[in-house]
1. Does ALA140 count as over 13 Å from the mean Cα position of the chain (by Cα), part of a helix (DSSP H, G or I) and surrounded by 18 or more Cβ atoms within 10 Å (Cβ to Cβ)?
2. Go through segment 62-115 and report how many residues are farther than 20 Å from ARG3 by Cα and among the basic types (Lys, Arg).
3. List the pairs whose first member sits in segment 34-48 and is touching a residue at least 12 places away in the same chain (Cβ under 8 Å) and within 18 Å of PRO82 (Cβ to Cβ), whose second member is surrounded by 13 or more Cβ atoms within 10 Å (Cβ to Cβ) and hydroxyl-bearing (Ser, Thr, Tyr), and whose Cβ atoms are under 6 Å apart, counting only residues at least 6 apart or on separate chains?
4. The conditions are (1) assigned to a strand (DSSP E or B); (2) under 30 Å from ARG23 (Cα atoms); (3) of a type outside the set (Lys, Arg); (4) free of Cβ contacts under 8 Å to residues at least 24 places away in the same chain, and MET57 fails exactly one of them. Which is it?
5. Which condition from (1) surrounded by 15 or more Cβ atoms within 10 Å (Cβ to Cβ); (2) over 22 Å from ILE5 (Cα atoms) is the one that GLU126 breaks?
Amino acid sequence: MRRNIELKARCEDPARAAAVCERLGARREWVRRQVDTYFAVPDGRLKLRVEAPGEAMLVRYHRDNRAAARESLYEVTPVSDPAAMLAALTREHGVRCQVTKVRTLYLIENVRIHLDEVEELGSFVEFEAVMGEGGSDAAARELLRRLQWELGIAEGDLLAGSYSDLLASCSYACSAGFSPYREDTA
């Protein structure tokens with residue numbers, strides 16, 4: 001499996017975040033719409049990602065749910081027929097949820113910076129330090145801390161789970177009549 005060290009947070013000002021990325025010398029690679037369908041698997045997470053423009057891929061990963069930089073082990077498999085794969089995985093596992101977002105990808109050193117606009121959830125930033133042979137975890141964590149500071153991400157903005165977790169909690173909260181993203185005024 002491949003390995004990342006990741007950090008995810010809410011992003012109050014996506015335009016400012018993009019400007020900071022560019023000021024730091026991060027290279028903007030692309031902007032894509034992504035639909036991630038998460039399946040109800042017993043171990044880790046499994047999602048089918050369909051990009052426009054782009055391709056489709058199956059992503060299996062294992063990551064702790066902590067609001068801090070954390071290790072993620074993952075596999076990515078290209079998918080030539082996403083509709084057939086979606087049908088097969090839905091029959092086999094059932095769908096947990098579907099996350100739709102527009103992602104802007106920036107690259108700086110070994111870090112992928114994702115600026116995400118997630119339907120029903122809002123704006124987020126995610127850092128993925130891609131760890132290769134001989135890569136230093138300490139150096140990767142230090143770069144993530146620097147990026148977090150440069151983008152003005154407070155500790156309270158850090159997220160423990162995935163967008164699928166947030167969407168599930170939002171769906172539950174909204175069905176119960178309140179939202180975890182605003183103060184109750186009642």
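The values are calculated or read from the model by the stated rules, or taken from the named source; none is laboratory data. Nothing here was measured: the structure is a model prediction, and the numbers come from that model. Cβ atoms come from the backbone with ideal geometry, glycine included; neighbour counts cover every protein chain shown.
1. In short, yes.
2. So the count comes out to 4.
3. VAL35/THR100; TYR38/SER164; ARG45/TYR61; LYS47/TYR38; LEU48/THR37
4. The one condition MET57 does not meet is (2).
5. (2)
Quick grid of which residues meet (1) at pLDDT 90 or above; (2) within 15 Å of the chain's Cα centre (by Cα):
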| site | (1), (2) |
| --- | --- |
| SER123 | yes, yes |
| LEU147 | yes, no |
| LEU151 | yes, no |
| ALA160 | yes, yes |
| GLY177 | no, no |
| GLU183 | no, no |
